[in-house]
Every structure is written in structure tokens, then in C-alpha cells.
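Written out below as C-alpha cells is the structure these notes cover.
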Ligand code: GMT
């Protein structure tokens, strides 16, 4: 198949899923055309079956807000027409689904029908999409898509609860390459960071307020105050990084916290982790937790959103009430002070992650593409 994929190319879960999906589909023989405003950050190199089409938005004195969505639509029209794409798969509803639906309508007038599949990831539904200034457009674009997927049952329910959806929504979860994300021997790295055998807590996010990064620092501070020898590694960057840094200084734990910024490859850092903290206020799936689990790291996370669909309570980690720093500290303490429990959870986390391996999930997307193409066939004649 020739598939157009549009996503946010920057650091973020939906972009990672879209890019890894494109790479996996290309490895399975499909031709993939990424259409975005810059090269997706996980798309390290172009192969013979992967193409990248950059969307250019021309500025004009009249444009206080240059219309990216329209430039994207025009690029989609061109790429579908000239590269003879079979379908467009867009990740994140706003504005990608809207642009794709418009592109399909333009092409239909020219006698060409390209089915549009929209994958809902999270904040496009749980936060941004419910903003009244976007809601009618999001509803329309989802209903006008030829196929719609959501990354968890939770997100499917949320979408149905908050929008008037007439289209069925298929659930296809996030996935991870468990050959890349596995525990590697990084003892030299661990030794350099923890010369006295300290435990290591890791948090990876885009530091948006929804990730509650300051809570990670608060939990860490409590563990330190209770006498645990532990270090904290924070990976990623975003609006809450500076507040988290200030908090670490204020609480007197900055010496043992490392803010590493955006890092690739994350799996090397996860390989020295004893625990992963995800105190998010909203999380439709929790890809960063899945990647940690694949590296054999138990996860303590908020008991919200799609996280209970991934984390098995008491087995691969623990789920805590949202914002309950005390509960997070207690569960972290349990894992970090009990070698046998930590080992058991590490192995269980890895096994659980294997259920979401690329080789298991990507064929579900392929099957879904076939289904949508078959349904759209009469319109494509
Ligand atoms: O986590 C983010 O803020 C990024 C966001 C995105 O759309 O780029 O991630 C969402 O999609 C990921 C991939 O499907 C999910 O694993 C994340 O849980 C989800 N984030 C939220 O719901 C906050």
C-alpha cells in the first residue's frame, strides 16, 4: 500500500507512534509518505520506502496567523495525486483530520477518492478538542473520516462521551519495539551516576503541565527525607522544566537531580532505572511508561485515563490516586526497598510490554487499513 502519514513531528507521543508506525509499515513492504512541517524527530533516516514531504506555509503581511492547515491540505492533495496514495492516515485530530477530510473532498471533485483514517491520541480529545473553539470542527472531522482509531478504550469512551460521534471507533493501542527497548548492560553509566549504589528514578515527558513533573520532584524529596539513597533523572523538556528545577532547589535536592533535556536514545537511560514515575493528570495510554516497562522498569503512575489498561496493579507497578504525593512516595518506597519485589515487577513489566510489541500491534493497523479500503471501495471507482 502507499500510505500518507501526517503527525506532529516534534517531541510527543502521537508523533512517536505515527513515525514508528510508518517505519514498521515500510519494513513490512509498504510505501510511506510522511507529510508534516518538519522531519519527524524519530525518523532518523529516509529509506527506499520512506518519503518525507515538507509543508511550507508562506507568510503574507495580511496573515497574522499563517494558515498551516490549508498549506497542509494543499500538500496532501499534491502528494495523494502525484504519488498515487491509497490512503491518508492522520495522527491527532486538530488540524490533521480536518485538513485530510478537506483534501479528500478536493480530490473527489477531481474524480479521485482517498480514504482518510484518523487516529485520536489524547489531548486532541481530552483537552484541546473539547475547547468550544475547536469542538464542532473536531466532531465533523471525526465523523467525516473513513476510519477512526483511538489508542485506548478510555479514549474511545471519552470521545463518545464528549462529542456526537456517528462513526465507529476502533481501539488500537500504542506499541513498542521490544528489541530496541530492552534492558541493556549500562553498569559503567550507573556506576558513574550512583557511586554509592543509589537507586535511580526516571521520568520522561514533554514537561507540559498535564505531566505534573513537579510532583515527581516532590515524591523524590520525600523519599530522600525518609533516608533513601536515590537519584532522579528527568528526561525531556517543556514548560514545567524550569518550575521543576526551582522546586528541586527550594526543597534542597537539586544536587541529586539531573535534568537531561531531550534525549535519544532513551532506552539507555531507562536501562539504569529502578523505577519510572508518571504522575500525569491525563494520559490516554502512556507510551513513555510502556517504553520504560519494555526496559524492565516498574512504573508508579496515576490511576487515571488509559494507564490502568497498561499497568497491572501490584504486578508491573502501582497505580495511585491523582495528585496523591504521599501514595506515590509509599509505592515508590515499597519497590525501591525490596529487591525481590523490584525484580519480580521488573520481569512482569517486561512481559507485559511484550504484549504491545510492534510485531503484534502494527498488523492490526494493516488489517484496519484493509477494512477501511474495502468499505470505501464503491466510492473509489
Ligand atoms: O503526552 C503528550 O502530551 C503528547 C501526546 C501527543 O498526542 O503527542 O501524547 C498522547 O498520545 C500518546 C500516543 O498515543 C499517548 O501514549 C499519551 O498517553 C497521550 N498523552 C496524553 O493523553 C496526555
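All but one of (1) free of Cβ contacts under 8 Å to residues at least 12 places away in the same chain; (2) in the same structural domain as residue 114 (by TED's automatic domain parsing) hold for residue 344; state the number of the condition that does not hold.
Checking residue 344 against (1) free of Cβ contacts under 8 Å to residues at least 12 places away in the same chain; (2) in the same structural domain as residue 114 (by TED's automatic domain parsing), the one that fails is (2).
Using beta carbons and a limit of 6 Å, which pairs, at least six apart or on different chains, have the first residue in the stretch 79-95 and surrounded by fewer than 24 Cβ atoms within 10 Å (Cβ to Cβ) and the second one part of a helix (DSSP H, G or I) and at pLDDT 95 or above?
Listed pairs, sorted by first residue: 95/69.
Which residue out of 207, 181 is within 18 Å of the chain's Cα centre (by Cα), surrounded by 19 or more Cβ atoms within 10 Å (Cβ to Cβ) and not assigned by TED's automatic domain parsing to the domain that holds residue 256?
181
What residue, among those in the stretch 16-32 that are in contact with a strand residue (DSSP E or B) (Cβ under 9 Å, 6 or more places away or on another chain) and outside any helix (DSSP H, G or I), is farthest from the ligand (Cβ to nearest atom)?
Filtering the stretch 16-32 for residues that are in contact with a strand residue (DSSP E or B) (Cβ under 9 Å, 6 or more places away or on another chain) and outside any helix (DSSP H, G or I), the one farthest from the ligand (Cβ to nearest atom) comes out as 31.
Inside the stretch 180-216, can you point out the residues that are on the phi > 0 side of the Ramachandran plot and at pLDDT 95 or above?
If the condition is that a residue be on the phi > 0 side of the Ramachandran plot and at pLDDT 95 or above, then 207, 212 are the ones that fit.
Please indicate, with yes or no, whether at least one residue in the stretch 212-219 is away from the ligand (no atom under 16 Å from the Cβ), touching a residue at least 60 places away in the same chain (Cβ under 8 Å) and part of a helix (DSSP H, G or I).
Yes, some residue in the stretch 212-219 is away from the ligand (no atom under 16 Å from the Cβ), touching a residue at least 60 places away in the same chain (Cβ under 8 Å) and part of a helix (DSSP H, G or I).
So, in the stretch 135-163, exactly how many residues are within 17 Å of residue 286 (Cα to Cα) and modelled with pLDDT of 95 or more?
The total comes to 9.
Taking residue 35 as meeting all but one of (1) more than 14 Å from the ligand (Cβ to nearest atom); (2) without any contact (Cβ under 8 Å) to a residue 40 or more places away in the chain; (3) in contact with a helix residue (DSSP H, G or I) (Cβ under 6 Å, 6 or more places away or on another chain), write down the number of the exception.
Unmet for residue 35, out of (1) more than 14 Å from the ligand (Cβ to nearest atom); (2) without any contact (Cβ under 8 Å) to a residue 40 or more places away in the chain; (3) in contact with a helix residue (DSSP H, G or I) (Cβ under 6 Å, 6 or more places away or on another chain): (2).
Regarding the stretch 84-98, can at least one residue be identified that is out of contact with any helix residue (DSSP H, G or I) (no Cβ under 8 Å at 6 or more places or on another chain) and closer than 30 Å to residue 348 by Cβ?
So far as the stretch 84-98 goes, no, none of its residues is out of contact with any helix residue (DSSP H, G or I) (no Cβ under 8 Å at 6 or more places or on another chain) and closer than 30 Å to residue 348 by Cβ.
Can you give me the number of residues within the stretch 99-133 that are in contact with a strand residue (DSSP E or B) (Cβ under 9 Å, 6 or more places away or on another chain) and away from the ligand (no atom under 12 Å from the Cβ)?
Qualifying residue count, the stretch 99-133: 10.
Taking residue 222, is it within 27 Å of residue 360 (Cβ to Cβ) and either modelled with pLDDT under 95 or surrounded by fewer than 22 Cβ atoms within 10 Å (Cβ to Cβ) (or both)?
The answer is no for residue 222.
For the stretch 171-192, give me the residue count where each residue is outside any loop (DSSP other than H, G, I, E, B) and more than 14 Å from the ligand (Cβ to nearest atom).
Going through the stretch 171-192 one residue at a time, the tally reaches 6.
The values are calculated or read from the model by the stated rules, or taken from the named source; none is laboratory data. It should be emphasised that the depicted structure is a prediction, and the values quoted were computed from it without experimental measurement. Glycine gets a Cβ as well: all are built from the backbone with ideal geometry, and neighbour counts include every protein chain shown.
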